[in-house]
Amino acid sequence: MLSYSGYAQTNTLPPNGNVGIGTTSPTTALQVNGKARIDSSLTVKDSVHIQKNLRVEQDVRFLGLAKMNDVKVTNDFVANGLTKFNGDVKFTNLSQIGVNNYSNFSFLMANSNGLVKKTDETALSDYLKKLVYAAPPVLASPCQIPGYSDNPFWASAPQKLYSECGDVFVGIGTNTPSHLLTVAGKARFFDHVWAGDAVSIGADQSNFSKLYIKNNNRTAGIELTQVGNPQAYSKLIYMEFSEPTTEIFKAHNSTLNTTPFSLNANGDMVINNGVQDIFHLYSNGVLSLRGDNSDENFRVETSGLVRCRKIKVDSEIWPDYVFESDYSLMPLEKLEKYIEENNHLPNVSNQETMVKEGIDLGEMNLKLMEKVEELTLYMIQQNKELKKLKKEVEVLKSKLAE
């Protein structure tokens, strides 16, 4: 064995025991007190223990397991291959990042195998939607678990949101829904509302009708308005039917057990005042009106015949003006000539006009009275002429008798 000892230096190389470089009292097989440089590779078959800093100017490869209690990266940390974290990863400086600007943010997402990938907020949003609305596994569906009382899972499809469980009650504004959908408050729809079965307002569904409205606190059960609607030929109510026995409209008084108004598809229309039918338009076109008593006061037959007790026509004038002193009575000679030329009385429509336009009863009665009063004046004139002639005849008889 080689043995050397130099007192001018602090190195020792004994034939056995520890070797010290930079120290005369090594405590391990090789102890270097100071910097050491190795220009080639270094192979260590056992552990390496570094009590202070470690500086590596090029790549470091860990072929086996590397355990580090506290790792701080002051510059970029790039992992080109697979990186595994068996414990938690903590970012201590997140509180210093502004929460109002997400434009520079990236998100880390991990799959079931622990693989972490960077993504943006759009991809994250799409993933969250799929996670929230995805259909649950069949075996995990709460509606197949006996005694399951929590809210059911919701599933999604294109443009749909549904639940696989049957009879799921949904409450909006209430946590105790009484129907499949219960809205405790006002609801507003900006588009078409479609009901496949029936609609009830103010009460539960009625098996009698498709639309059931029970009005307890409003002036009108139904209010329709077309004010401000520029649509041509707009309609407040449009009804379409195909069966000839359809009752188009029927109003029933449940207190009196009467029908104040009814209209059938065959044209039959009835108005009842609670005692009797005061108006009845039969399907054959006959119209019947009744008053307080049960007798029929007015009736129009299909032939055009009108039956009634009396007719009263109001008029603003009456032909008493004929008897005024300034009234111009047509001379009989002139009247005779007018009749010969026109074949009707003056100031009276001819036959052609009467047949074409009909007769106004009020106007016709006025004309008739006018002619009666004129005829009366003619008779008075003729009576005066007769008296005058009679007097002249008596004078002639007296003279002849002398």
Could you tell me which residue of the stretch 304-327 is nearest to the chain's Cα centre (by Cα), considering only residues that are open to solvent by less than 100 Å² (accessible area, probe 1.4 Å) and of a type in the set (Ser, Thr, Tyr)? Ser315
When only residues in the stretch 1-23 that are open to solvent by 100 Å² or more (accessible area, probe 1.4 Å) and polar (S, T, N, Q) count, which is modelled with the highest pLDDT? Asn16
Quick one: how many residues across the stretch 202-217 are of a type in the set (Ser, Thr, Tyr) and part of a strand (DSSP E or B)? 1
Test result for Asn175, free of Cβ contacts under 8 Å to residues at least 12 places away in the same chain, in a loop (DSSP other than H, G, I, E, B) and either surrounded by fewer than 12 Cβ atoms within 10 Å (Cβ to Cβ) or in contact with a helix residue (DSSP H, G or I) (Cβ under 6 Å, 6 or more places away or on another chain) (or both): yes
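Name the one entry in Ser303, Ser294 that is assigned to a loop (DSSP other than H, G, I, E, B) and under 25 Å from Leu361 (Cα atoms). Lay out the reasoning, then the answer.
On the way: Ser294 fails: under 25 Å from Leu361 (Cα atoms).
Of the residues listed, the single one that is assigned to a loop (DSSP other than H, G, I, E, B) and under 25 Å from Leu361 (Cα atoms) is Ser303.
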Which numbered condition Ser349 fails, given (1) exposed (fewer than 10 other Cβ atoms within 10 Å of the Cβ); (2) at pLDDT 90 or above: (1)
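Picking from Glu373, Glu392, which residue would you name as being in contact with a helix residue (DSSP H, G or I) (Cβ under 7 Å, 6 or more places away or on another chain) and either charged (D, E, K, R) or open to solvent by 100 Å² or more (accessible area, probe 1.4 Å) (or both)?
On the way: Glu392 fails: in contact with a helix residue (DSSP H, G or I) (Cβ under 7 Å, 6 or more places away or on another chain).
Going through Glu373, Glu392 in turn, just one is in contact with a helix residue (DSSP H, G or I) (Cβ under 7 Å, 6 or more places away or on another chain) and either charged (D, E, K, R) or open to solvent by 100 Å² or more (accessible area, probe 1.4 Å) (or both): Glu373.
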The correct count of residues that are open to solvent by 60 Å² or more (accessible area, probe 1.4 Å) and assigned to a loop (DSSP other than H, G, I, E, B) in the stretch 185-201 is 10
Quick check on my filter: what residues within the stretch 312-353 are part of a helix (DSSP H, G or I) and hydroxyl-bearing (Ser, Thr, Tyr)? Tyr321, Tyr338, Thr353
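The values are calculated or read from the model by the stated rules, or taken from the named source; none is laboratory data. Keep in mind that what you see is a predicted model, and the values were worked out from it rather than measured. Here the Cβ is made from the backbone with ideal geometry for all residues, glycine too, and neighbour counts use every protein chain on show. Ligands, DNA and RNA are excluded from the accessible area calculation, which covers all protein heavy atoms including side chains. Shrake-Rupley method; radii C 1.70, N 1.55, O 1.52, S 1.80 Å.
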